[in-house]
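Reviewing the structure listed below.
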Amino acid sequence: MSSVREAAFELFREHGMTTIFGNPGSTELPMLAEFPDDFRYVLGLQEAVAVGMADGFAQASGRTTHVNLHTAPGVGNGMGGIFNAQANHTPLLVTAGQQVRAHITMQANLTNRDATRVVHPFVKWSFEPPRAQDVPHALARAIHTASLAPKGPAFVSLPMDDWTEEAEAESGHLLERVAETRMGPDAAAIESLAQRLAAAGSPVLVAGPDIDASGAWNDAVALAERQTLPVFASPATGGGRLGFPEGHPLFQGVLPPAIGPVSETLKGRDLILVVGSSVFPYYPYIPGPLLPEGASLVAITNDPDEAARAPMGDVILADPKLALLALLDEVGEANRAEPDPLPEPTAGDETDPLSATVVHNTLAQVFPDDGIVVLESPSSTLSLRNQLRISRPGSYYFGAGGGLGFGLAAAIGVQLAQPDRPVVCVLGEGSAQYAITGLWTAAAYEVPVTFLVLRNEEYSILKWFANIEEVQGAPGLDLPALEVAKVAAAYGVSSSAVSGRDELHAGLEAAIGSGRPQLIEVPVAPGMALF
Ligand SMILES: Cc1ncc(C[n+]2csc(CCOP(=O)(O)OP(=O)(O)O)c2C)c(N)n1
């Protein structure tokens, strides 16, 4: 007979979930006892970091990933990350220790009261098993729930005295269950979409993050090329991944994230095909028509909630890859004029301090073909996209939820999942603070991420928002003397503060692919960098 712990770890093993991220407390120690040799525990010094690392790891490995938190306060600290994981469609098993069962009713110290309610809006399922014997089944159910479309976090609260109990004799069946999770599209809906495409004079494709997540990168390219579709990326605000190569001649840029500007950008199009994105992750609120005159919209998503909440357009609910493959079976070559490609990126003059545009242009010069960017530099998101024009799948991660702290932490998880690809994490100096303790994990586990920190001494994007919102005199938007390179050194990450293009170039060249974590801080001029 095996114990609940043995049965649970056998289950994790069966699902390939042998890397566990976490921050332990007394209530988690019984789970971690006799930790098996074939498992790896990655310690985050704060739960926001543990969740962010697990998010990056799950996305970059394509596997549901386990993050273990310390009862109520640990879950509380991790909530921003759980929110981000939901927005990113990241499959996470989130577990938290709970008091001994005999202690829960009297609410002894550290009891996670209402454990299942706390995380509720941000997870697909939350549960505390009624009996110790149910723990393996509850974990299996959470793993499947997290892995089903739309992928997302699922939560299980685990009383600390359950682990040494005897497991259910029948729990072996849990190990054998295989869930094929992709759902195909309605054939008639695809046929009708193919007819609409054939009849359209000026259709356009909007490529969203779930194209990459579903492995449909090449299928999106094939569709765009066969139909000569100009392609826009879905708005950067909600685009946690890229859905189309940004150096491709059909690529027309990133859609703006506000209602009026989206329809302005798509003016003249008669059919807007959105794949793998919500319609749309708008922000800020700039009203206007939802669609340009004469246009209709069809969205393909595997998320019923995205399907339901769109304010306009038709929808086909299906896995993006299966839907694109079905569409490719139906559509032929179209005889349409090719759009003008985007102009080549230019950087402008070197200034003191550098513009963020010159920083990203310099990064583009040294960026390896197989490099991965994890981005959280709010005022220069669009500049990085434009300068790097990333054109390989699985090469860009961004916190679609907008909760800062994703970037630094996720980069570590991405690098652990993709040890053979160089990861560059581009951060604003403000954003870096939300997961700054992750630098310790990078150093302690020798995770060779290159952290590039843009230091503009302020929350630049918030000053831009203040302008749009017509807010004057808001406090708390300046960040004088925030020495990120010095902080990194204290956590054990070798770091340098550089200035000017040449120093930056040399620093990046030496850091990327060096095989160890390094942080480069560069002063930049404040303000939005769009190109
Ligand atoms: C958890 C969380 N807290 C606060 C914010 C609000 N916020 C959005 S952008 C931003 C400023 C980021 O500053 P920095 O990283 O220096 O980038 P910059 O705007 O200067 O490019 C803040 C505080 C947020 N998005 N998430």
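The table for this structure:
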quantity: Cα gyration tensor, segment 152-222 - rounded (a/c under 1.5), prolate or oblate; calculated: prolate
quantity: Net charge, residue 362 excluded, C-beta distance under 11 Å - Lys, Arg +1, Asp, Glu -1; calculated: -3
quantity: Relative contact order [Cα under 8 Å, 6+ residues apart], segment 179-271, whole percent; calculated: 30 percent
quantity: Residues listed by number, segment 382-400, amide nitrogen under 13 Å from residue 530 label point at 7 Å toward C-beta; calculated: 382-383
quantity: Solvent-accessible heavy-atom area per residue, rounded to whole Å², over segment 224-339 at 1.4 Å; calculated: 38 Å²
quantity: Dipole of the chain [Lys/Arg +1, Asp/Glu -1 at C-beta], most positive-end residue of 320, 189, 510; calculated: 189
quantity: Surface accessible to a 1.4 Å probe, per residue, for the residues of segment 133-189, Å²; calculated: 49 Å²
quantity: Label point distance in nm, residue 191-residue 329, each placed 7 Å from Cα along Cα→Cβ; calculated: 1.2 nm
quantity: Probe 1.4 Å, protein heavy atoms only - accessible area per residue of segment 402-531 in square angstrom; calculated: 42 Å²
quantity: Cα gyration tensor shape of segment 271-380, rounded if a/c is under 1.5, else prolate or oblate by comparing a/b with b/c; calculated: prolate
quantity: Computed accessible area, residue 267, all protein chains, 1.4 angstrom probe, square angstrom; calculated: 130 Å²
quantity: Charge tally in the Cβ shell below 15 Å around residue 53, where Lys, Arg are +1 and Asp, Glu are -1, residue 53 excluded; calculated: -2
quantity: DSSP-defined beta bridges in the chain - what % are antiparallel, rounded to 5; calculated: 5 percent
quantity: Euclidean distance of C-alpha centroids, segment 324-368 and segment 487-515, integer Å; calculated: 26 Å
quantity: Length-normalised contact order of the chain in % [C-alpha pairs under 8 Å, at least 6 apart]; calculated: 14 percent
quantity: Pair residue 283, residue 116: separation of 7 Å Cα→Cβ label points (nm); calculated: 3.0 nm
quantity: Surrounding net charge for residue 432, when Lys and Arg each add one and Asp and Glu each subtract one, Cβ distance under 15 Å; calculated: -4
quantity: Of all accessible heavy-atom area on the chain, the percent that carbon and sulfur account for (1.4 Å); calculated: 51 percent
quantity: Residues in segment 232-264 reached by a label modelled at residue 340 [backbone nitrogen below 15 Å; 7 Å Cα→Cβ]; calculated: 250-253
quantity: Label-point separation, residue 392 to residue 13 (7 Å along Cα→Cβ), nm; calculated: 3.4 nm
quantity: Estimated FRET transfer efficiency when R0 is 41 angstrom, pair residue 175-residue 514 (beta carbons, to 0.05); calculated: 0.50
quantity: Length gained when the stretch residue 199-residue 103 is fully extended (0.36 nm per residue, less Cα-Cα span); calculated: 27.9 nm
quantity: For segment 200-343: relative contact order, % (alpha-carbon pairs under 8 angstrom, 6 or more apart); calculated: 28 percent
quantity: Label zone at residue 2, where the point sits 7 Å out along the Cα-to-Cβ direction: segment 165-180 residues whose backbone N lies under 17 Å; calculated: 165-178
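The values are calculated or read from the model by the stated rules, or taken from the named source; none is laboratory data. Bear in mind the structure is a predicted one, so any value in this text is a computation, not a measurement. Backbone-built Cβ (ideal geometry, glycine too); neighbour counts: all protein chains shown. Please note that ligands, DNA and RNA were not included when accessible areas were found on the heavy atoms of the full protein model with its side chains. Shrake-Rupley method; radii C 1.70, N 1.55, O 1.52, S 1.80 Å.
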